[in-house]
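Structure provided below as structure tokens; questions to follow.
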Amino acid sequence: MAFNASVNLGTVGNGITGQTVSISGCTGASCGSGCTSLATSQAVTSFPKTLTGIPDNVVSLFVKVDGGDCSGTSQCISITGIPGATPTPTTTSTTVNPTITPTTTPTINPTITPTTTTTPTINPTITPTVTPTTCLSGDLTTTGTCSGSDLSTFTLASGYKVTVEPQGYFYSGTGTRYAYAYLRTSTGVDIQQFTLTQVNSNTPTFSPTGYTLTTPGTYQLYVQQIDCNQGGGTGGSGQMNLDVRDCQEYTATPTPTLTPTLLNEFYIASPVDVSLTGSTYCSSPGYIMSGVIKSTSSTISGMLNNPVYDSAGDPFVGPGSGYVYAIKTTQYGNTYNDGQFSWIEIDSMGNVTDVGSQSCGGGGGPM
């Protein structure tokens, strides 16, 4: 005697929404043996649907995702309360056609509670096992204090993005205090510098407040020993942390093919007030020139009165008069260590309105 069942998958995740599943009926408990295909390549979007002709000796269902990110993910559905085949002395046979009314709950573990117009009742329960892809691994926080520093290492998996952001504080004492943290490659090349600044006992400020990392690989977090009495202040204690958080799935947008005239790459640091270049660009630890801009000019001086572009080929929006970007032709140059670098001023339309150079006394240090 065979029976039919109307099956509702309930709430499903994004990873299998556009995929198909295959269902087999098994005569062994927990899908251990006797599995025979009942339905193949069933679109997830076609559920709920009725499976017909399920043999009466089937005690479990084996469901497997056919493709996509969750390809191969499977689940065994145990079926309880199936009626046994009872021979009757007449030639009249009765086919059990249960009508299943699923109750869908907003959870990734849907439970199907079917009811039938005949006795007994078939009540299969689906409890899918999801094995998520590991997004991050390693030490995701590094801490520096007045008396020490910390270096940690973490790995970002492919297909994800994370936010690296600083935290910290100083308290008591007077003067302006600083702390510095760095996001680095696994070989120790700086990608982003973070600064904590606090004047006297005011709330500390951070620059920048965060950095989005999308390239898979292994990275380092480093907070150098911080000077709690910097700037002529007295007393004080402090701490700075650098944390990795907010891991999300990420699909990279293909970079448009640039026109042949936009092949000249230059590397810039974060912009600073033109009146403070000596006390910021030329003070330890300096600024890292890692941002990318493109120009039709092959020289920095040739950029004047011409537009510059971002990596996607769109105009690079600058803050305008009063702020400049340290710029070099080599990536990861350091304004303090290099001693000599050029700078440019970029307006809100992406045009270079001024060009100059800066000397830090040959090897770093204020002018």
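I need the full set of residues from region 32-49 which are more than 34 Å from the chain's Cα centre (by Cα) and closer than 15 Å to D66 by Cα, in order please. Full working, then the answer.
First pass over region 32-49, keeping only residues more than 34 Å from the chain's Cα centre (by Cα): 32-40, 49.
Residues satisfying the conditions are S37, L38, A39, T40.
OK, next. Taking only pairs six or more apart or across chains, which ones have beta-carbon atoms under 6 Å, a first residue in region 274-294 that is hydroxyl-bearing (S, T, Y), and a second residue that is assigned to a helix (DSSP H, G or I)?
Y281/T335; S284/Y336; Y287/T335
Looking at region 284-329 only, could you name the residues that are closer than 14 Å to P271 by Cα, of a type in the set (S, T, N, Q) and loosely packed, with under 14 Cβ neighbours inside 10 Å?
Of all residues in region 284-329, those closer than 14 Å to P271 by Cα come to 286-293, 316-328.
Then keep just the ones that are of a type in the set (S, T, N, Q); that gives 290, 321.
The answer is S321, and nothing else.
Turning to a different aspect of this structure: Return a yes/no flag: does region 323-332 have any residue that is free of Cβ contacts under 8 Å to residues at least 60 places away in the same chain, closer than 15 Å to L276 by Cα and either touching a helix residue (DSSP H, G or I) at 6+ places or on another chain (Cβ under 6 Å) or outside the structural domain of P271 (by TED's automatic domain parsing) (or both). Lay out the reasoning, then the answer.
Within region 323-332, the first condition is being free of Cβ contacts under 8 Å to residues at least 60 places away in the same chain, and the residues that meet it are 323-326.
Filter once more, so that each one left must be closer than 15 Å to L276 by Cα: 323-326.
Checking the rest, the ones that are also either touching a helix residue (DSSP H, G or I) at 6+ places or on another chain (Cβ under 6 Å) or outside the structural domain of P271 (by TED's automatic domain parsing) (or both) come to 324, 326.
Yes, the conditions are met somewhere in region 323-332.
Further question on the same structure: Could you check region 223-239 and list, in sequence order, the residues that are part of a loop (DSSP other than H, G, I, E, B) and either surrounded by 14 or more Cβ atoms within 10 Å (Cβ to Cβ) or modelled with pLDDT of 75 or more (or both)?
Result: Q224, Q225, I226, C228, N229, G233, G236.
Okay, moving on. Across region 138-165, what is the total count of residues that are among the acidic types (D, E) and part of a strand (DSSP E or B)?
Filtering region 138-165 for residues among the acidic types (D, E) gives 139, 150, 165.
Filter again for part of a strand (DSSP E or B), leaving 150, 165.
Summing the residues that are among the acidic types (D, E) and part of a strand (DSSP E or B) in region 138-165 gives 2.
Here is a further query. Return the residues of region 161-182 that are more than 13 Å from L196 (Cα to Cα), surrounded by fewer than 18 Cβ atoms within 10 Å (Cβ to Cβ) and under 27 Å from the mean Cα position of the chain (by Cα); say none if nothing qualifies.
T163
Out of A29, A85, A5, report the one residue that is crowded, with 18+ Cβ neighbours inside 10 Å, over 39 Å from the mean Cα position of the chain (by Cα) and either within 24 Å of G159 (Cβ to Cβ) or modelled with pLDDT under 85 (or both). Steps first, answer last, please.
Values: A29 fails: crowded, with 18+ Cβ neighbours inside 10 Å; A85 fails: crowded, with 18+ Cβ neighbours inside 10 Å.
None of the others qualify; the one that does is A5.
Taking the options T253, T218, name whichever one is loosely packed, with under 14 Cβ neighbours inside 10 Å, among the hydroxyl-bearing types (S, T, Y) and either within 18 Å of S270 (Cβ to Cβ) or modelled with pLDDT of 95 or more (or both). Before you say what the answer is, go through the steps one by one.
Details: T253 fails: either within 18 Å of S270 (Cβ to Cβ) or modelled with pLDDT of 95 or more (or both).
None of the others qualify; the one that does is T218.
Same structure, new question: Output the residue which, of all residues in region 32-60 that are surrounded by 17 or more Cβ atoms within 10 Å (Cβ to Cβ) and of a type in the set (S, T, N, Q), is nearest to S6 (Cα to Cα).
Looking at residues that are surrounded by 17 or more Cβ atoms within 10 Å (Cβ to Cβ) and of a type in the set (S, T, N, Q), I get Q42.
The values are calculated or read from the model by the stated rules, or taken from the named source; none is laboratory data. Everything numeric here is computed off the predicted structure, so don't read it as measured data. Cβ atoms come from the backbone with ideal geometry, glycine included; neighbour counts cover every protein chain shown.
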